[in-house]
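See structure below.
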Amino acid sequence: MQSKRIVIIGLGSIGSRHFNNLKSLGYQNITLVSSKITKPAEWDGYEVFSTLDEATENHTYTHAFVCSPTAF
């Protein structure tokens, strides 16, 4: 399971649900992309970036969850 590198783009209600589900399934290699100014304590220990460009600058991912609002 740990050979997967996952990025979640957008941490609103759906992105947070995916994040919590992945953690409960035992995944730990998760990177988060969020424009939120305040970072919740549950994000401690995970890489958090403000933009997708920053997240992909030094990493490649095997899986991505794009959880942005439909308008975007």
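Being surrounded by 13 or more Cβ atoms within 10 Å (Cβ to Cβ), charged (D, E, K, R) and either under 12 Å from the mean Cα position of the chain (by Cα) or at pLDDT 95 or above (or both) is the filter here, so list the residues in the stretch 37-69 that pass it.
Residues satisfying the conditions are Glu47, Glu54.
Mind listing whichever residues of the stretch 15-36 are exposed (fewer than 15 other Cβ atoms within 10 Å of the Cβ) and at negative phi? Show your work before the answer.
Quick first cut of the stretch 15-36, residues exposed (fewer than 15 other Cβ atoms within 10 Å of the Cβ) only: 17, 20-21, 23-26, 28, 35-36.
Arg17, Asn20, Asn21, Lys23, Ser24, Leu25, Gln28, Ser35, Lys36, listed by residue number.
Condition first: among the acidic types (Asp, Glu) and within 21 Å of Thr70 (Cα to Cα). Can you find one or more residues in the stretch 43-53 that meet it? Steps first, answer last, please.
Residues of the stretch 43-53 among the acidic types (Asp, Glu): 44, 47, 53.
Filter once more, keeping what is within 21 Å of Thr70 (Cα to Cα): 53.
Yes, because at least one residue in the stretch 43-53 is among the acidic types (Asp, Glu) and within 21 Å of Thr70 (Cα to Cα).
Can you name every residue in the stretch 36-67 that is closer than 22 Å to Lys4 by Cα and among the hydroxyl-bearing types (Ser, Thr, Tyr)? Walk me through how you get there before you give the answer.
Going residue by residue through the stretch 36-67, those that are closer than 22 Å to Lys4 by Cα are 42-67.
Across the stretch 36-67, the qualifying residues are Tyr46, Ser50, Thr51, Thr56, Thr60, Tyr61, Thr62.
The values are calculated or read from the model by the stated rules, or taken from the named source; none is laboratory data. All values reported here derive from a predicted model rather than from experimental measurement. Because the Cβ atoms are built from the backbone with ideal geometry, glycine has one as well, and the counts that use them run over all protein chains shown.
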